Amino acid sequence: MRVAVFSARPYDQRFLSEANTAFGHELTYFDVHLSRETCRLAAGFEAVCVFVNDELDAELLQEMQGQGLRLVALRASGFNNVDVAAAKACGVAVCRVPAYSPHAVAEHTLALILTLNRKTHRAYNRVREGNFALDGLLGFDLKGKTAGVVGTGAIGEIVAEILQGFGCKVIASDPNPSAALQARGVVYRSVEDLLPDCDIVSLHCPLTPATRHLIDGPAIARMKPGVMLINTSRGAVVDTVAVIAGLKSGAVGSLGLDVYEEEAGLFFEDRSARFIDDDVFARLLTFPNVLVTGHQAFFTHEALSAIAQITLANITDFERHGRATHEVSVEPAPARP
Ligand code: NAI
């Protein structure tokens, strides 16, 4: 199938091209995001392959359907950036990679927790400058602390297991509890009931209308003062302005983000020679107890291999059977527990 691959970084091209030797699709790579300005590049292609910050709204999908588009192949698990209902309405199928390496994201989540707690990012710089003072580097034992995992699907389940390995008491919230975690002693609660008891809250639910700004001002007010908040799911699950207020008051003790609600204009690019014109994001970076990574939790060798394989297999399925294995269906958003 002829596939226009957008937001194609050198590493995407490498892993997709390697995997494609077994599939034989005709892949054309575009470094740019897919947008109204760039969609003409995909004219005549039956499929586009897109990533998390390519925004496919109804208008764009209709225009592209008119150019011959039949399939949107997401090389990601989250699909909040595609108007799936609008795609269906104009006869364009949408498929995704539901799980590639949940371990990659889970392990990065732990990297954020451990770094924020023991401040190894600050220690690294201090030691290199000959500063061996320990002031400001005080952490806490994870053993015995209570960690709340919101969303215990593929990633959250592994995060919960790893945290149990550190000796944390894990409580969770998910409209579809994991029987495996329940068997390991994890107790499920509503998000509201979970928050007051947690020393650490880690978010692993999808972004849906029900989870947009799930962590807002009132939610932060329910949390233990000084809580560590970690978000590796989708940026808009957290109300960034509210969390900044929480950091300023001390209600939030530390914040680890791999995602940011306005990341589309920022992440995945080298912007080091420019200034950041997003004042909310710039404010976040002023806090010593905030650690931001640029949506890299998925970024392991194993994950990129699996993403490439599953994406291309989805496209082959669609080409052969008119339906991809991992097609995204239009379902009502899960209720907020
Ligand atoms: P998954 O679909 O396996 O699990 C999501 C879980 O969240 C499900 O069990 C679901 O029932 C639960 N959920 C839905 N609504 C909820 C709510 N209101 N409250 C609590 N739980 C709720 O998804 P997976 O693979 O575990 O990924 C989780 C999220 O992580 C993805 O949706 C994606 O947004 C994000 N992600 C981030 C990556 C990164 O590089 N930072 C990479 C991959 C995924």
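Looking at this structure, is THR21 open to solvent by 40 Å² or more (accessible area, probe 1.4 Å), over 26 Å from ASP270 (Cβ atoms), free of Cβ contacts under 8 Å to residues at least 60 places away in the same chain and not assigned by TED's automatic domain parsing to the domain that holds ARG234?
yes
Please state which one of VAL259, VAL201 is buried (at least 23 other Cβ atoms within 10 Å of the Cβ) and in a loop (DSSP other than H, G, I, E, B).
Working: VAL201 fails: in a loop (DSSP other than H, G, I, E, B).
That would be VAL259, the only listed residue that is buried (at least 23 other Cβ atoms within 10 Å of the Cβ) and in a loop (DSSP other than H, G, I, E, B).
With ALA324, ALA335 as the choices, which residue is assigned to a loop (DSSP other than H, G, I, E, B), modelled with pLDDT under 95, out of contact with any Leu (no Cβ under 6 Å at 6 or more places or on another chain) and loosely packed, with under 12 Cβ neighbours inside 10 Å? Don't jump to the end; show me each part of the working.
Details: ALA324 fails: loosely packed, with under 12 Cβ neighbours inside 10 Å.
Exactly one of ALA324, ALA335 is assigned to a loop (DSSP other than H, G, I, E, B), modelled with pLDDT under 95, out of contact with any Leu (no Cβ under 6 Å at 6 or more places or on another chain) and loosely packed, with under 12 Cβ neighbours inside 10 Å, namely ALA335.
Filter the stretch 50-77 down to the residues that are open to solvent by less than 20 Å² (accessible area, probe 1.4 Å) and small (Gly, Ala, Ser), then identify the one that is farthest from GLY153 (Cα to Cα).
Applying the filter and picking the extreme gives ALA73.
Yes or no: ASP31 assigned to a loop (DSSP other than H, G, I, E, B), open to solvent by 20 Å² or more (accessible area, probe 1.4 Å) and within 22 Å of GLU263 (Cα to Cα)? Steps first, please.
Values: assigned to a loop (DSSP other than H, G, I, E, B): yes; open to solvent by 20 Å² or more (accessible area, probe 1.4 Å): yes; within 22 Å of GLU263 (Cα to Cα): yes.
Answer is yes for this residue.
Within the stretch 270-303, count every residue that is part of a loop (DSSP other than H, G, I, E, B) and within 16 Å of the ligand (Cβ to nearest atom). Can you show your working first?
Looking only at the stretch 270-303, we keep the residues that are part of a loop (DSSP other than H, G, I, E, B), and these are 270-278, 285-289, 293-300.
Still in the list and also within 16 Å of the ligand (Cβ to nearest atom): 293-300.
Final tally of qualifying residues: 8.
Filter the stretch 239-256 down to the residues that are open to solvent by 10 Å² or more (accessible area, probe 1.4 Å), more than 16 Å from the ligand (Cβ to nearest atom) and free of Cβ contacts under 8 Å to residues at least 40 places away in the same chain and list them by number. Let's see the steps before the verdict.
The first filter runs over the stretch 239-256 and keeps only residues open to solvent by 10 Å² or more (accessible area, probe 1.4 Å), leaving 239, 241-242, 244-245, 247-251, 253-254.
Filter again for more than 16 Å from the ligand (Cβ to nearest atom), leaving 241-242, 244-245, 247-251, 253-254.
Those that are open to solvent by 10 Å² or more (accessible area, probe 1.4 Å), more than 16 Å from the ligand (Cβ to nearest atom) and free of Cβ contacts under 8 Å to residues at least 40 places away in the same chain: VAL241, ALA242, ALA245, LYS248, SER249, GLY250, ALA251, GLY253.
For the structure I just gave you, tell me whether ALA219 is more than 15 Å from the ligand (Cβ to nearest atom), modelled with pLDDT of 95 or more and either in the same structural domain as ASN53 (by TED's automatic domain parsing) or under 30 Å from ALA282 (Cα atoms) (or both).
Values: more than 15 Å from the ligand (Cβ to nearest atom): no; modelled with pLDDT of 95 or more: yes; either in the same structural domain as ASN53 (by TED's automatic domain parsing) or under 30 Å from ALA282 (Cα atoms) (or both): yes.
When the stated conditions are applied, ALA219 does not pass them.
For the subset of the stretch 141-188 comprising residues that are among the polar types (S, T, N, Q) and in a strand (DSSP E or B), which member is nearest to the ligand (Cβ to nearest atom)? Let's see the steps before the verdict.
Initial filter on the stretch 141-188 (among the polar types (S, T, N, Q)): 146, 152, 164, 173, 176, 178, 182.
If we keep only those that are in a strand (DSSP E or B) too, we end up with 146, 173.
On the way: THR146: 17, SER173: 5 Å.
Looking at residues that are among the polar types (S, T, N, Q) and in a strand (DSSP E or B), I get SER173.
Residues that are of a type in the set (Asp, Glu), touching a strand residue (DSSP E or B) at 6+ places or on another chain (Cβ under 9 Å) and open to solvent by 10 Å² or more (accessible area, probe 1.4 Å): does the stretch 294-314 have at least one?
The initial filter retains those residues of the stretch 294-314 that are of a type in the set (Asp, Glu), namely 302.
Next, only the ones that are touching a strand residue (DSSP E or B) at 6+ places or on another chain (Cβ under 9 Å) stay: none.
Checking the stretch 294-314: not a single residue is of a type in the set (Asp, Glu), touching a strand residue (DSSP E or B) at 6+ places or on another chain (Cβ under 9 Å) and open to solvent by 10 Å² or more (accessible area, probe 1.4 Å).
Here's the yes/no breakdown for (1) farther than 24 Å from GLY322 by Cα; (2) assigned to a loop (DSSP other than H, G, I, E, B); (3) open to solvent by 60 Å² or more (accessible area, probe 1.4 Å); (4) not acidic (Asp, Glu):
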| position | (1), (2), (3), (4) |
| --- | --- |
| VAL3 | no, no, no, yes |
| GLU37 | yes, yes, yes, no |
| VAL48 | no, no, no, yes |
| VAL105 | yes, no, no, yes |
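Scanning for something over 20 Å from GLN309 (Cα atoms), assigned by TED's automatic domain parsing to the domain that holds ALA183, within 16 Å of the ligand (Cβ to nearest atom) and without any contact (Cβ under 8 Å) to a residue 40 or more places away in the chain, does the stretch 110-121 turn up at least one residue?
yes
Check the stretch 92-101 and report whether any residue there is surrounded by fewer than 19 Cβ atoms within 10 Å (Cβ to Cβ) and among the basic types (Lys, Arg). Give the derivation first.
Within the stretch 92-101, the subset surrounded by fewer than 19 Cβ atoms within 10 Å (Cβ to Cβ) is 98-99.
Then drop every residue that is not among the basic types (Lys, Arg), which leaves none.
Checked against the condition, which is being surrounded by fewer than 19 Cβ atoms within 10 Å (Cβ to Cβ) and among the basic types (Lys, Arg), the stretch 92-101 yields no hits at all.
Tell me the residue from ALA306, ALA242, ALA251, ALA282 that is among the small types (Gly, Ala, Ser) and within 22 Å of GLN13 (Cβ to Cβ), please.
Details: ALA242 fails: within 22 Å of GLN13 (Cβ to Cβ); ALA251 fails: within 22 Å of GLN13 (Cβ to Cβ); ALA282 fails: within 22 Å of GLN13 (Cβ to Cβ).
Exactly one residue qualifies, and that residue is ALA306.
Of all residues in the stretch 4-43, which are within 16 Å of LEU69 (Cβ to Cβ) and aliphatic (A, V, I, L, M)?
Selection gives ALA4, VAL5, LEU27, LEU34, LEU41, ALA42, ALA43.
Would it be correct to say that ALA251 is over 21 Å from the mean Cα position of the chain (by Cα) and over 20 Å from THR286 (Cα atoms)?
Values: over 21 Å from the mean Cα position of the chain (by Cα): yes; over 20 Å from THR286 (Cα atoms): no.
Answer is no for this residue.
The values are calculated or read from the model by the stated rules, or taken from the named source; none is laboratory data. These numbers come from a predicted model, not from an experiment. Cβ coordinates were reconstructed from backbone atoms using ideal geometry, including for glycine residues, and neighbour counts include every protein chain displayed. When the accessible area is computed, the model is the full protein with side chains, heavy atoms only, and any ligands, DNA or RNA have been set aside. Shrake-Rupley method; radii C 1.70, N 1.55, O 1.52, S 1.80 Å.
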